[in-house]
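We did not get these values from a lab; they are worked out from the coordinates using the rules stated. Predicted, not measured: the structure shown is a model, and the values here were computed from it. Because the Cβ atoms are built from the backbone with ideal geometry, glycine has one as well, and the counts that use them run over all protein chains shown.
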Amino acid sequence: MPTARETFDSSIKDAVELLDHFNALNILPPPPNAEVLKRAGLIMACTAWETYVEDRVQEAVQQRLGEGNDSFQNRFVLRHLQMTLKQFNNPNTEKTYKLFSDFLGVDVTAGWQWNNYDSARARLELDALIKKRGEAVHRSKAPSAGVPAAHLIRKDELEKAIRFLKSLVEATEKVTKL
């Protein structure tokens, strides 16, 4: 069974491929429908993060509980985790912190530090990405006559988002190693 990290690495490739398709179509002037690839790329990148968080918590809880221990307490924790994960959407900083804190006793956000990111900046960046993901999912670009509206996400923003989420997963891995 693939690990959370392996699943993330595979899933984030979808966002990269969508960006590659956008780049292939991005001629001057770009076709009006090419913008959808950037929005879809952002959605896929954030979905890869969401899946990673869910899978990583499950892996770590299973490690803590150990194999073959089918006690009442273990079954209770696993049932509670599954119910929590069913309601776990839009994994912003607060929700991610709470999930790791409640089930593992770890402030995962404290370890979100790398290169030019400290924990506070990483939290702000994640929250901004999750907010933008919500806009991309729920707010399609309205057709307009005249001057086209600005795109929700620029190419360089999607590239940065993909790099950021890869680094965030790397930092999270370090914090959650048991």
- Translational D (Stokes-Einstein, µm²/s) of the chain at 25 °C and 0.890 mPa s when Rh comes from the Kirkwood sum over C-alpha pairs? 139
- Task: Starting with the highest mean, order 122-131, 86-95 by the number of other Cβ atoms within 10 Å, averaged over the residues of each peptide.
- Result: 122-131, 86-95
- Query: Label-point separation (nm) for LEU28 and ALA128, each offset 7 Å from Cα along Cα-to-Cβ?
  - Reply: 2.8
- Query: What pairs in LYS13/LYS98; LYS38/LYS98; LYS13/LYS160 have C-alpha atoms more than 25 Å from each other?
  - Reply: LYS13/LYS98; LYS38/LYS98
- Query: Label GLU135 and GLN113 with points 7 Å out from Cα along Cα→Cβ: what is the distance between them in nm?
  - Reply: 3.1
- Note on the structure: Output ordering of 7-20, 42-55 (per-residue mean of other Cβ within 10 Å, highest first) is 42-55, 7-20
